[in-house]
Amino acid sequence: MSTVDTLRWSVADTFVLAGRSLRHWRRQPELLLLSTAQPVLLVLLFTQVFGGAVATPGMRYVDWLVPGVLVQVVAWDSAKTAVGVAEDLASSTIERFRTLPMSAPAVLAGRTLADAGRNLFVVLAMLAAGTLVGLRTPGGPLATAGAVALTVAFGYALTWLFTYLGLRARGGEAALAAGILVVFPLMFASSALVPVETMPAWLRPLAAHQPLTAVIDAVRALMRGEPAAGAVASALAWTAAILALAVPLAVRRFRQVST
Amino acid sequence: MRAAIRAEGLRKGYQGVAALRGVDLEVPAGSVLALLGPNGAGKSTTVKILTTLLAPDGGRAEVAGFDVVRQPRRVRAAIGVAGQYAAVDGRLTGRENLVLFGRLHRLSRGAAARRAGELLDRFDLAGAADRLARTYSGGMRRRLDLAASLVAHAPVLFLDEPTTGLDPLRREQLWTVVAELVAAGTSVLLTTQYLEEADRLADRVVVVDHGRVVAEGTAEQLKHRTGRSSLDAAFLALTGVAA
């Protein structure tokens, strides 16, 4: 088989397997609904509860918060990928797939693609909820679409990282525990909920120079219509770096555990 | 006659423990070989190597004329695998499971749908075709699993303890299906703990124990050689589990 054929089949297999994941959700619409309701609730709660207490210089809190929660939730949802991968691995599903003449990385690529689709859905729902509580996007629809794309792309990179974790973990629960351990510090020691400047001195440099903060700052700048080129470049660099690290790790690990 | 499966001197160790210590076997095209042995004898390891899931430490094997190590993709295109764990996706319907396997076997959307329909009819699953597979009974899951392994008309079939946990009626039904497949020219490697199953289905029996082939022949030959009247007793005599 030529390289072009191999690539074509890998893409085809990826879409077939992404379709499998999408069908799972269609079978459990309540699951998709609930996992969308949670982030929406977060947006509503955070703006109402923290809105009076957190000072965000030169900005209304809702405009500060929504970009932060968007990225937080996408990071959190990406951690769930680890659970799905670990469960597939624990059942004999993946072993059975490996006896088929299909592309091996497509098993992972299909899942991460489907998860990116889910993330897009959740992000749009949260934006709608944010608009309800007064979110304004002076950056305009194009910049906002860019912010959504950036958030989903970052989430896609993270799902590959969590795919790798899921392949290392023993079972779904262990994978979830490991995922939380990685994702919680990133979620909260970031500019998502409060400005980094309000954090203690030892934490500030860490919070300022981590991927979530980079993406959140870029999303915020895009939605507010501020100059965003530098922030976007930094966010894209993080996204690319995570992909460059996590994809080969996950694929290699997959070949190890599935043969 | 060309061999559907040929293995020579297969060796495999797990962390210093030898699981296979030189296994030879041959399945002539269109015949059924039963791999018999107690738990831990090396049956699963042999099947994993022959289905390209595991690389051997030594020896070589060909399936449908392709080398399992150097041409794994060609091997995978020629085999069907069904087993005791019935690796069907419980969150998809029976029909969706079969279409998924068809698509991953490179069938077009239409061809995969047609093939799924044929197999659902043949395995008496048409009535449950659009129900989620997790609502299926054990026997239905096993039939769906076997159907999935036949999606691509594989000439070589691996059945890893296909009837473990099935009631006698369901076992009988599955045996009938396998016999039909063989009559149509499919070659089968079957692992089983049920000697009756080997007696019923297999042209030849290979008995493995501690990673080695300890006996091989037709069921009749094995009974004769050990002077036992049933394959059960012959098996026990050969593997030294009991006198």
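The values are calculated or read from the model by the stated rules, or taken from the named source; none is laboratory data. Please read these numbers as outputs of a predicted model, since none were measured by experiment. Positions of Cβ are backbone-derived with ideal geometry, glycine not excepted, and every protein chain shown enters the neighbour counts.
Before moving on, here are some points about what is shown:
- Tally, over region B:102-126, of residues that are within 14 Å of another protein chain (Cβ to nearest Cβ), in a loop (DSSP other than H, G, I, E, B) and not polar (S, T, N, Q): 3
- Every condition in (1) surrounded by 22 or more Cβ atoms within 10 Å (Cβ to Cβ); (2) under 24 Å from B:S187 (Cβ atoms); (3) in contact with an Asp or Glu (Cβ under 8 Å, 6 or more places away or on another chain) is met by B:L119 except one, and the failing one is (3).
- Single residue of region A:1-20 satisfying the filter (part of a helix (DSSP H, G or I) and of a type in the set (G, A, S)) that is nearest to A:T81 (Cα to Cα): A:A18
- Residue in region A:106-127 that is under 26 Å from B:A55 (Cβ atoms) and over 19 Å from the mean Cα position of the chain (by Cα) present: yes
- Residue count for region A:71-84 under the criterion of being farther than 14 Å from A:V215 by Cα and either more than 18 Å from the chain's Cα centre (by Cα) or not aliphatic (A, V, I, L, M) (or both): the result is 6.
- Residues of region A:69-98 classified as surrounded by 24 or more Cβ atoms within 10 Å (Cβ to Cβ) and of a type in the set (S, T, Y), total: 2
- Every pair of residues 6+ apart whose Cβ atoms lie under 7 Å, when the first sits in region B:8-33 and is without any contact (Cβ under 8 Å) to a residue 24 or more places away in the chain and part of a strand (DSSP E or B) while the second is surrounded by fewer than 22 Cβ atoms within 10 Å (Cβ to Cβ) and not acidic (D, E): B:E26/B:A3; B:E26/B:R6
- Residue within region A:2-17 that is under 20 Å from the mean Cα position of the chain (by Cα), surrounded by 20 or more Cβ atoms within 10 Å (Cβ to Cβ) and within 14 Å of chain B (Cβ to nearest Cβ) present: yes
- Some residue of region A:53-60 being of a type in the set (A, V, I, L, M, F, W, C), modelled with pLDDT of 85 or more, touching a Lys or Arg at 6+ places or on another chain (Cβ under 9 Å) and not in a helix (DSSP H, G or I): no
- Residues that are surrounded by 17 or more Cβ atoms within 10 Å (Cβ to Cβ), under 20 Å from the mean Cα position of the chain (by Cα), hydrophobic (A, V, I, L, M, F, W, C) and modelled with pLDDT under 90 occur in region A:152-172; there is at least one.
- Of note, A:E226 satisfies the criterion of being more than 23 Å from A:A82 (Cα to Cα), charged (D, E, K, R) and in a loop (DSSP other than H, G, I, E, B).
- Residue within region B:54-72 that is aromatic (F, W, Y) and under 24 Å from A:G110 (Cα atoms) present: no
- Looking across A:G68, A:G58, A:G52, one residue alone is closer than 22 Å to A:A129 by Cα and more than 20 Å from the chain's Cα centre (by Cα). It is A:G52.
- When B:R11 is tested against (1) surrounded by fewer than 16 Cβ atoms within 10 Å (Cβ to Cβ); (2) in contact with a strand residue (DSSP E or B) (Cβ under 6 Å, 6 or more places away or on another chain); (3) among the charged types (D, E, K, R), only condition (1) is not met.
- Of residues in region A:228-250 being surrounded by fewer than 19 Cβ atoms within 10 Å (Cβ to Cβ) and at pLDDT below 95, the one nearest to the other protein chains (Cβ to nearest Cβ): A:A229
- A:G225 within 26 Å of A:G134 (Cα to Cα) and surrounded by fewer than 17 Cβ atoms within 10 Å (Cβ to Cβ): yes
- Total residues in region A:21-46, condition within 10 Å of chain B (Cβ to nearest Cβ) and either touching a helix residue (DSSP H, G or I) at 6+ places or on another chain (Cβ under 6 Å) or not in a helix (DSSP H, G or I) (or both): 3
- Evaluating B:D160 against the criteria (1) under 22 Å from A:L22 (Cα atoms); (2) touching a Gly at 6+ places or on another chain (Cβ under 7 Å); (3) more than 9 Å from every other protein chain (Cβ to nearest Cβ); (4) not hydroxyl-bearing (S, T, Y) leaves one unmet condition, (1).
- On inspection, A:T159 fails the criterion of being farther than 30 Å from B:R76 by Cα, assigned to a helix (DSSP H, G or I) and among the hydroxyl-bearing types (S, T, Y).
- Matching residues, region B:39-98, being more than 10 Å from chain A (Cβ to nearest Cβ) and assigned to a strand (DSSP E or B): B:G58, B:G59, B:R60, B:A61, B:E62, B:V63, B:F66, B:D67
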